[in-house]
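Undergrad: Let me begin by handing over the structure; questions about it come next.
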Amino acid sequence: EDQVTQSPEALRLQEGESSSLNCSYTVSGLRGLFWYRQDPGKGPEFLFTLYSAGEEKEKERLKATLTKKESFLHITAPKPEDSATYLCAVMPAGYALNFGKGTSLLVTP
Amino acid sequence: ETGVTQTPRHLVMGMTNKKSLKCEQHLGHNAMYWYKQSAKKPLELMFVYSLEERVENNSVPSRFSPECPNSSHLFLHLHTLQPEDSALYLCASSLDDGGSGYGYTFGSGTRLTVV
């Protein structure tokens, strides 16, 4: 059975304090791993897609990496506006996106 | 505006009511989805429509009934709901199956409360 596990469940950082979020997965035939950001009262917003182990993608203070078993979302020098829930999802072969529970990030000034 | 519009944003309904959620996309996508988001749980896939044909139904109770009249519109008809059905209902769309590029584009959701 496909599974996506995100850790930690919640993370509190001081502004400028870099950290990483983890997404561990087991899936048959990974077609892609997706990262989304979700703000309160809104739907998830697309951040990155990763397709193969060793791949990395960056956007502003965020960098996503992928191995055969997990993905990391690295946040460098975060700002309060980076506070949100970050969702990881995998797309198995022939099926729809399968999501983890998310990591709730709070960045304080 | 994300390109996927959901109405209403909030809905309170009694267990004996019948209501419908609406989703509309103007992105030229050809697949649409309903997800349920409950506190402390992952997003749960409810229904998938590709080219207006339903292709997946994850054993959702029959009190939820989807309708996709065309590739731009998706409805979720609700009847005889239970309090545990209270959740955020998210609509999403994608080009093909979303496996290449940007995955799914989500709407802002309908916050449903069943009393």
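Undergrad: How far apart, in nm, are two points set 7 Å out from the Cα along the Cα-to-Cβ line at B:GLN82 and at A:THR108?
TA: A separation of 4.0 nm, rounded to one decimal place.
Undergrad: While we're on this one: From the phi angles alone, apply the Karplus equation (6.51, -1.76, 1.60; θ = phi - 60°) to region B:29-39 and give each ³J(HN,Hα) in whole Hz, x where the residue is Gly or Pro.
TA: Result, ordered by residue: 6, 10, 9, 9, 9, 10, 10, 10, 10, 10, 4 Hz.
Undergrad: For chain A, what is the relative contact order in percent, using Cα pairs closer than 8 Å and at least 6 residues apart in sequence?
TA: 38 percent
Undergrad: Nearest 20 debye, what's the magnitude of the dipole of chain B about its Cα centre given +1 on Lys and Arg Cβ and -1 on Asp and Glu Cβ?
TA: Details: 10 positive and 11 negative charges, 114 e Å.
Dipole magnitude for chain B comes out near 540 debye.
Undergrad: A further question on this structure: Put +1 on the Cβ of every Lys and Arg and -1 on every Asp and Glu Cβ in chain A; which of A:THR85, A:THR103, A:PHE72 then has its Cα farthest towards the positive end of the dipole?
TA: It is A:PHE72.
Undergrad: If you place +1 on the Cβ of every Lys and Arg and -1 on the Cβ of every Asp and Glu, how big does the dipole about the Cα centre of the protein assembly as shown come out, in debye to the nearest 20?
TA: Details: 22 positive and 25 negative charges, 99 e Å.
Dipole magnitude for the protein assembly as shown comes out near 480 debye.
Undergrad: Also, quick follow-up: Here are some pairs, A:LYS42/B:LYS18; A:LYS42/B:LYS41; A:LYS69/A:LYS101; which of them have Cα atoms lying more than 19 Å apart in this structure?
TA: A:LYS42/B:LYS18
Undergrad: Out of B:LEU112, B:VAL55, B:PRO69, whose Cα points farthest toward the positive end of the dipole of chain B (charges: +1 Lys, Arg; -1 Asp, Glu; placed on Cβ)?
TA: B:LEU112
Undergrad: Quick one: Karplus J couplings for region B:57-72, per residue in order, coefficients 6.51, -1.76, 1.60, θ = phi - 60°, nearest Hz, x for Gly and Pro?
TA: Using θ = phi - 60°, the values come out as 9, 7, 6, 7, x, 5, 5, 9, 10, x, 8, 10, x, 7, 6, 9 Hz.
Undergrad: Using a 4.7 Å Cβ cut-off, which Cys residues in the protein assembly as shown lack a partner cysteine?
TA: B:CYS68
Undergrad: Okay, moving on. Compute the orientation-averaged projected area for region B:4-115 from the convex hull of its Cα atoms and round it to one decimal in nm².
TA: In nm², the orientation-averaged hull projection of region B:4-115 is 6.5.
Undergrad: A follow-up question, please. For the ranges B:102-109, A:68-75, what's the packing order if you count other beta-carbon atoms within 10 Å of each residue, average per peptide, and put the highest first? Mind dumping the intermediate values first?
TA: On the way: B:102-109: 22.9, A:68-75: 16.9.
For the peptides B:102-109, A:68-75, the packing ranking is B:102-109, A:68-75.
Undergrad: Taking the alpha-carbon set of the protein assembly as shown, what are its Rg and Dmax in Å?
TA: Computed over the Cα atoms of the protein assembly as shown, radius of gyration and Dmax are 17.5, 53 Å.
Undergrad: Return the long-range amide H neighbours of A:SER83 (sequence gap of 5 or more, or a different chain), with a cut-off of under 5 Å between placed amide H atoms.
TA: Here A:VAL107 satisfy the definition.
Undergrad: Given 0.36 nm per residue, what is the gain on full extension from B:LYS18 to B:GLU53 after removing their alpha carbon distance, in nm?
TA: The span from B:LYS18 to B:GLU53 would gain 10.2 nm if fully extended.
Undergrad: Suppose each label sits 7 Å from its Cα in the direction of the beta carbon; what would the A:SER18-A:ALA53 distance come out to in nanometres?
TA: Distance between the two pseudo-spin positions: 2.5 nm.
Undergrad: Which far-off residues, 5 or more places away or on another chain, put their amide H under 5 Å from the one on B:SER108, with H placed in the peptide plane?
TA: A:GLY43, B:GLN6
Undergrad: Does region A:1-59 come out rounded, prolate or oblate, given a ≥ b ≥ c as the square roots of the eigenvalues of its C-alpha gyration tensor, rounded meaning a/c under 1.5 and, failing that, prolate meaning a/b above b/c?
TA: Working: a/c = 1.60, a/b = 1.52, b/c = 1.05.
Prolate shape, in that a/c is at least 1.5 and a/b is the bigger ratio.
Undergrad: Moving to a separate point now. Please give the charge dipole size of chain A, origin at the Cα centre, charges +1 on K and R Cβ atoms and -1 on D and E Cβ atoms. Round to the nearest 20 debye.
TA: 120 debye
Every read-out reported here was derived from the displayed coordinates using simple, explicitly stated rules and does not represent laboratory data. Everything quoted here is computed from the prediction, not taken from an experiment. FYI the Cβ positions are ideal-geometry reconstructions off the backbone, even for glycines, and counts take in every protein chain you see.
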